Structure formats: C-alpha cells, structure tokens
Number of protein chains: 2
Amino acid sequence: MTANMRPRGPIKVTLVGSGNWGSAISLIVGKNVQKYDNDFDSVVRMWVYEEIIDGMKLTEIINTQHENVKYLPGKKLPANVVAVPDLLTACKGSDILIFVIPHQFVGNVCAQLKGHLKEGALVVSLIKGFMTQKLKGGIRLVTEEIRDLLNVDTAVLMGANLAPEVANEDFCEATIGCKDQKDRWSILKKLFDTDNFKIALTEDANTVELCGGLKNIVACAAGFADGLGYGSNTKSAIIRLGLVEITEFVELFYHGSNIRTFFESCGIADLIATCSAGRNRKICEAFVKTGKSIRELEQEMLNGQSAQGPLTAEEVYLMLKKHNMVSRFPLFSAVHQICQGHISPDHLVTRLREYHNSD
Amino acid sequence: MTANMRPRGPIKVTLVGSGNWGSAISLIVGKNVQKYDNDFDSVVRMWVYEEIIDGMKLTEIINTQHENVKYLPGKKLPANVVAVPDLLTACKGSDILIFVIPHQFVGNVCAQLKGHLKEGALVVSLIKGFMTQKLKGGIRLVTEEIRDLLNVDTAVLMGANLAPEVANEDFCEATIGCKDQKDRWSILKKLFDTDNFKIALTEDANTVELCGGLKNIVACAAGFADGLGYGSNTKSAIIRLGLVEITEFVELFYHGSNIRTFFESCGIADLIATCSAGRNRKICEAFVKTGKSIRELEQEMLNGQSAQGPLTAEEVYLMLKKHNMVSRFPLFSAVHQICQGHISPDHLVTRLREYHNSD
C-alpha cells in the first residue's frame, strides 16, 4: 500500500499554546474543523499551561465559559476547542500540531513530546523568533530545532497578524511556508483560511520564517525613529533599508530564497504592521523618550514578558560579527548597539548615512 | 571628435517649476552646484510662473528675500537660485532641466520649449503622475511625452520625499532612473545627493516613474481604510496588495522591469510614506468620513488643486477595461469605482476577499 492509499481517519488538530495569539488562532481553527467536518476531527485540543485565576483552573474556565479570561478576555472561543492541561494528552494521536508558544519553551516542550507523536505528524509553527545559540554565535530556525528534536515535518504560518485584530475578525492575510509537501497544502488552507484570514501558500518556508523573526529588529529601528520624532520620509527609509537587510540576510545565510516571498504577507505586510503598531516599536519608542533600559520597559509595559526585537538583534549581531559582516548590515547592527546602550539612538541615521556614503 | 572628448563648460541647471516640491529641491540643487563648482555653473535658474503676492512679483520676492513666500514660506532658498519669469530665458543654454510642475502643464511647457533647448540637454522629471489619454484609454509616461515633444533624453527622480520634510533636511532617500546614459550618473548624483537626501541610481527608469504615479492609487485605498477605521492588519494587507498590483501592472504593460527596483526608495518606501502621510490618503479618509465628493474635498483641503490618486485610478481603470483586465487588479479598480461613487467604500475589502477566493 502506498502512502497515498493509506486509509486515514479524520485529521486531529492540537494547538500547543494558549496565549494571546494561540487563543486568537483557536477561533479560526475551531470553526474551520467544524466547517470541513469531512476532513477534520471536530475537537481541537488546546494545550494550556495550567494557571489558577481567581481560585479556578484556567483550563476549567476555558472548558466551561469558553473564554481565555487571562490572554484573550471578552472573546468566546468555539465550544469544540477543548483545553487540556497535560501536554502529552493534548498531543496524543494528533496529525497537525500548531505550535504557538514563546520560543523559549520550544526545547522543553519538544523534550516532553519526543517519541510520543503520531507517525507522519506535521508541526505548524506560528512562533516569531529564533532559537538562541549564544555560544556558537548565530541563530537557528525554530522549525530546524523542532525537526531535529522530534523528527517531524514542519510548516510555518506568518503574516501581518496582530492578534487582537485577528480575534476581532478584521480582514487580513497570512502566508504559510510548507516545503515539499504539496499534498498537504489544501488541508492547511482548509484549516486556516477564512473570509477574513486569507492564506497564501509557498514552498519557500525558510524565508517565511526568517521574515517573521527579522522584522522585529526593523520594528525596533522604527520605534527609535518615532521616539526621536522623525517624520514619514525618514521612517520609510528606515523600513525600506530594514527590508533590504532582511532580503540580504536571507540570501546570504539561507540560500535559495524566492524574492516573491517578500511580497507576501509574511514579508512587506508584516513589516509595515509591526513597524506601525507592534510591541517592539512601542518599547523602542519609549526607550528613546524615557531613557530607561529595555529590560525596565519590558517589565513596565509587557508585564515582564520580553520583546523579541532586542533579543533577535543580539543574536543576529553575534552571527554577523562571527562572519565579519557587521558593516554590510548597518541597521541590524545599530539596533543591537542602541538597545545595549553602546551607541546613542540618534546614531541610527548617522550609520545609515555612512553606509550610503561608502557605496 | 567623439562625444566623450567634446569640451564642456560648466553644466547649467534650470528648475522648471517652483511649487512646494520645486522650492524644496532648489535648496538641495542650489547648494550642490556651489559644492561642486568645478562641474556646475554656480547659478541655478528657476522658472517661476509669475504671480503677484501682496502687490509684489513672486520672482522679485524670491530674488530679493530668497524665499518662496507662497509655496515654501519660512525657508531661505540659496541666493544662487535665481527666479526667472520667462520660460525660454530660464531654459536657454541649460544642460540639465529639472521638471517639477503639475503634469497638466507638461504639454504647454514643452510646446513653448520646442526647438529652443540646447543639444544634448537632459530633462529630469520629478513629476508624479501620468499623461491622460482618455480617448485612447490608458496612460502615457510623462517622460515619454517629454521625449516625443522635445527630442531630449530624460531621467526621473522619485522617492519617499514629502516636500516639507525634505525642506527641513530630514534624512531620506530617493531613486533616480536613468536609462542608457551611465556617463551621466555621477553628475546626477552630484546634483541631487546630500548627507540627508541619499540618491541611488538605476537603469530601470520606467519602473521608477510608474511606481511614483501608481502609488497614489494605493494611497487612496489606504485612506479609505483609515476612514473606515480599519486596523493595522487590514491596512497592511491593502498596502501589500497595492504593491503587488503595481508590480503586475508594470510587468504587464512595461516589460523588462527589475524586481529589485521595487525595493528602492521609489517603490516600497514611497508607498509607505504616501500611505501614512500623503494628501491622497488624507482626501480619501475624509471622503469616507464626510460623505463629500472628491472634488469638494479637493477644493476644501487642497486649495482647489487636484489629488493625483483618483485621476490616476481613472486612467488606469480605463486602460485595464480596454485590455479586459479589471478583475486582475481588484484594488486599483475598486479605488476608481469608490472615488466615482459607483460602489461604497466598504466594498474595498469585499473585492479583495473575492479576489483571494477566486485563486
């Protein structure tokens, strides 16, 4: 019997994660498995890291009130999205696992799941950021890490998808990168595409993932520009140069990218949205205006969570330094040095000017 | 004697136009001809359409007070920028003519100049918009028109260059498109490049010019989105789709474009700046919020001048209709139909959704 002829039951889907973005995407996925009930199992399990909220378990609240009161208050989740506190129980027998957790948890989650996933399972990563390799210097894609640890196929979903707006069902787009698995494209589209969340698919998965992580560095630069009171010409120049550095970085370190991918939602659209309204932009604007450190501002403004941009800038900087390429990426490098307090924010434009002058 | 060996005197530069953008660029050009006085004649003549301001001629005001009190009040122009009321006198013997007039005046200006330009003169167009060919259906590049009417070489300068910010010397970038005339690139860079106005050159001149005109249609769509209260996800999706339609339009009707050109300031950066802070965006936001016609709003908000976006949308729509391609350009087409009152602004997203669904 060939793979194609293998009898399949309905596809089981698990959401690994239940934060703001995980809860928002559960609205879409929960409805779509019901809409396409010939293809999918009607229950979507959602792994929820258990917390006690006002004396009650978060999983219990979700399963009785159908609301994630902590991370997406005020939005009713579909009743077929079932919160499960135990990771292995949540993932057992699943065909598609949607990873939507902070990248810091990836190693631990994979260690627990190792050897327990269904054969042929696909992990779809919604994680925007990279694995840190401080000692080796450089970045590692989250999907590379997941593939290595779990020996599964992976796909990524990235785009201009600020979670509260997705939860409000505002019209937007997203890009799914899925290599060498074209037979899975139609099922991925069924799982994620709605009238207000339009999916495009591409084989250029690395580029999709890299765009999603690198754009946070550019958002920091946009935030500095806003903090310094720069106008639209300067901010647009910064975003453009950021996009150029993203494309060059991808081409240099991950060969074979398709330039068309940057025209998808994961590229230019996510960059624009993040540079207008993302949390990295906001933190970095405050960094300039208040003079406080990034760490202090994260605690004040993000409830102790970390912004990805400064971290990613550091990882990328170490990688560029190792390869002797700092001067080819003046914007990426300046963001790291500004975040660290090594240079003042108003050096951002000085760096870009020098870069132009060295042409 | 070959062209290269032809003895040349200092290069004479004329600005044909003295509005807001013309006055702003005169700050740059006026200083650069002094900086590179081995290459350029030290006087930049500026053709000023004569007007009487408080009983005094505008040319006299500019030449005595060195300020264009009507179009760029509060900024001192370099003293070597000399206002000339007569077009032929302003242009006589000039090597480089910078056209920075509303595109409606191009025909008339060229008719007057015909047969009076120096042999080998180069016209650099800063005009963002197209020539109208309502009867034939379609658009015609301003530089095509100029080349035909005057039998001269042309170049274009476009970018994220909101004039007041350029006049304030905020850091920004611009792109010069200049075909088959690489011997002129260094002189064009000397004429326009400064520490705060960084020039990149490309041979892909048609794409540069098309980006500068077409982006105004997208800015209208961004304005509708703002008027309708759409968030960042939706607005980013609209800008992205607009960019995709720009690239497809250019490829379809002006073959041989280089996709890299869209990553220059004339492409993505100008699009972002215009969709954030341009006048087309503003007018179209007001169109949704007030229910007034575009024409009324132009009179109220632009002192009777016209916004280019709705005009360009009409010209492009006629061209698409003629070629039976309206459905391939849902955003461009919707902008025209909304401006005309044929469909309601909230149909914009419906159109984009239908377009995705027809994939």
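Worth pointing out:
- Every test in (1) touching a residue at least 40 places away in the same chain (Cβ under 8 Å); (2) small (Gly, Ala, Ser); (3) within 17 Å of A:GLY223 (Cα to Cα); (4) touching a helix residue (DSSP H, G or I) at 6+ places or on another chain (Cβ under 7 Å) is passed by A:SER265 save one, and that test is (3).
- Selection of the range A:80-139 for residues being of a type in the set (Phe, Trp, Tyr) and within 13 Å of the chain's Cα centre (by Cα) yields A:PHE99, A:PHE130.
- Candidates in the range A:282-308 are the residues that are open to solvent by 30 Å² or more (accessible area, probe 1.4 Å) and of a type in the set (D, E, K, R); of these, the one that is farthest from A:ASP346 (Cα to Cα) is A:GLU300.
- The residue list A:ALA277, A:ALA269, A:ALA273 contains one member that is closer than 30 Å to B:THR261 by Cα, open to solvent by 30 Å² or more (accessible area, probe 1.4 Å), under 20 Å from the mean Cα position of the chain (by Cα) and within 14 Å of another protein chain (Cβ to nearest Cβ), which is A:ALA277.
- Some residue of the range B:309-319 being of a type outside the set (Phe, Trp, Tyr), in contact with a Lys or Arg (Cβ under 9 Å, 6 or more places away or on another chain) and within 14 Å of chain A (Cβ to nearest Cβ): no
- Residue selected from the range B:234-255 under the condition free of Cβ contacts under 8 Å to residues at least 60 places away in the same chain and under 19 Å from B:VAL288 (Cα atoms), by the criterion surrounded by the most Cβ atoms within 10 Å (Cβ to Cβ): B:SER236
- Looking across the range A:223-245 at every residue that is more than 10 Å from every other protein chain (Cβ to nearest Cβ) and of a type in the set (A, V, I, L, M, F, W, C), the one that is farthest from A:GLY177 (Cα to Cα) is identified as A:LEU228.
- Elements of the type strands (runs of 3 or more DSSP E) sitting completely within the range B:1-115 and holding at least 1 residues that are of a type outside the set (Gly, Ala, Ser) and within 21 Å of B:VAL156 (Cβ to Cβ): these cover B:11-16, B:40-47, B:96-99.
- No other residue among A:GLU165, A:GLU169 is in contact (Cβ under 8 Å) with a residue 12 or more places away in the chain and among the acidic types (Asp, Glu) apart from A:GLU169.
- Condition met for B:GLY256 (on the phi > 0 side of the Ramachandran plot, away from chain A (no Cβ under 12 Å) and not β-branched (Val, Ile, Thr)): yes
- Filter pass, B:ASP204 being buried (at least 24 other Cβ atoms within 10 Å of the Cβ), of a type outside the set (A, V, I, L, M) and more than 9 Å from chain A (Cβ to nearest Cβ): yes
- A:GLU144 vs. criteria open to solvent by 10 Å² or more (accessible area, probe 1.4 Å), under 25 Å from A:THR14 (Cα atoms) and either away from chain B (no Cβ under 14 Å) or modelled with pLDDT of 95 or more (or both): yes
- Taken together, A:GLY177, A:GLY159 contain a single residue that is of a type in the set (Gly, Ala, Ser), over 30 Å from A:THR350 (Cα atoms) and within 14 Å of chain B (Cβ to nearest Cβ), which is A:GLY159.
- Residues satisfying the stated conditions in the range B:322-359, i.e. assigned to a helix (DSSP H, G or I) and away from chain A (no Cβ under 14 Å): B:LYS322, B:VAL326, B:SER327, B:ARG328, B:PHE332, B:SER333, B:VAL335, B:HIS336, B:GLN337, B:ILE338, B:CYS339
- Output for the range A:180-194, where each listed residue is within 12 Å of chain B (Cβ to nearest Cβ) and in contact (Cβ under 8 Å) with a residue 24 or more places away in the chain: A:ASP193, A:THR194
The values are calculated or read from the model by the stated rules, or taken from the named source; none is laboratory data. Treat the numbers as computed from the prediction; the structure is a model and nothing was measured. Because the Cβ atoms are built from the backbone with ideal geometry, glycine has one as well, and the counts that use them run over all protein chains shown. Just the protein is used for accessible areas: all its heavy atoms, side chains included, with ligands, DNA and RNA removed. Shrake-Rupley method; radii C 1.70, N 1.55, O 1.52, S 1.80 Å.
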